[in-house]
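Notes follow the structure.
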């Protein structure tokens, strides 16, 4: 065996490390995820009232039919996200449009739970 002189024993992997981009920290990754999540659009529903009807009653509905609800017109409306109530409010008129003035809203944990809950 012939001895080899002046051999560079540095690992080749050090050359690869120079070419790789640094990995983001966990905090940076979480911040990026949160930023993407906060840009999502979610449907917002304002629930006037609810009631059950027999299917035969639904089949008789037509233009001009009126469905009566047991909720008074001055009771608060429910603000819903993902079919989960997250707050309450009262009706307001904005020009020719309908709006909701929020009078009560859940905390952040409740809002997150509503977004992630199964319907």
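The values are calculated or read from the model by the stated rules, or taken from the named source; none is laboratory data. Note that this is a predicted model, so its numbers are computed, not measured. Note that each Cβ is placed from the backbone with ideal geometry, even for glycine, and that neighbours are counted across all protein chains shown.
Which residue out of 100, 77 is within 17 Å of residue 49 (Cα to Cα) and touching a residue at least 40 places away in the same chain (Cβ under 8 Å)? Residue meeting the stated conditions: 100. The set of residues from region 38-57 being surrounded by 10 or more Cβ atoms within 10 Å (Cβ to Cβ) and farther than 23 Å from residue 92 by Cα comprises 53, 57. Apart from one condition, residue 56 fits all of (1) at pLDDT 90 or above; (2) in contact with a strand residue (DSSP E or B) (Cβ under 6 Å, 6 or more places away or on another chain); the exception is (2).
Please work out if residue 110 is touching a strand residue (DSSP E or B) at 6+ places or on another chain (Cβ under 8 Å), surrounded by 10 or more Cβ atoms within 10 Å (Cβ to Cβ) and at pLDDT below 80. Considered against the rule, which asks whether it is touching a strand residue (DSSP E or B) at 6+ places or on another chain (Cβ under 8 Å), surrounded by 10 or more Cβ atoms within 10 Å (Cβ to Cβ) and at pLDDT below 80, residue 110 comes out as yes.
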